[in-house]
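As structure tokens, the structure follows; a few thoughts come after it.
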Amino acid sequence: MFSKTIMAVAVAVALSAVGSALAPAIAGEAHRLAIHVDENDPKRMNLALNNAANVSKYYESKGEEVVIEIVAYGPGLHMFREDTSPVKDRLSAMSMEYPNMSFAACGNTHAKMSEAAGKDVPLVDGPPW
């Protein structure tokens, strides 16, 4: 009896999880994904951009909408800095190729980096920071 109860609960939890994952598709709402970058590492930055592109293509192939936001903070803000971004050209291309993708720079990190530099640290052109 005890094991049947546990099994029933496990099945109910599993079905609930599947239902939650499918809810946006069933309701016709957009899926939402936030990807954060908090390291000044070109490999991590490119991995985040690759993942965002792959997710966008996946949902497009299913005829579903997804909204993706890539957020950079801490040392990861170098991703969006005009003077140090190793992915600057790629950001520009992706912002045009994927209208469902947006980019956000942490305001606190930007202010601290600007303060440490003694001047405003420029961010790449394009996204509305």
Open item on the list: For segment 36-44, check the following and say yes or no: at least one residue is surrounded by 18 or more Cβ atoms within 10 Å (Cβ to Cβ), modelled with pLDDT of 95 or more and out of contact with any helix residue (DSSP H, G or I) (no Cβ under 6 Å at 6 or more places or on another chain).
Closed with: no
- [ ] Being buried (at least 16 other Cβ atoms within 10 Å of the Cβ) and of a type in the set (S, T, N, Q) is the filter; apply it to segment 67-101 and report the residue that is farthest from Ala34 (Cα to Cα).
- [x] Ser85
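Could you tell me which of the residues Met113, Met79 is hydrophobic (A, V, I, L, M, F, W, C) and closer than 30 Å to Tyr58 by Cα?
From the options Met113, Met79, the qualifying one is Met79.
The values are calculated or read from the model by the stated rules, or taken from the named source; none is laboratory data. Predicted model only: the values in this text are computed from it and were never measured. In this analysis, Cβ positions are derived from the backbone assuming ideal geometry, glycine residues included, and neighbour counts consider all displayed protein chains.
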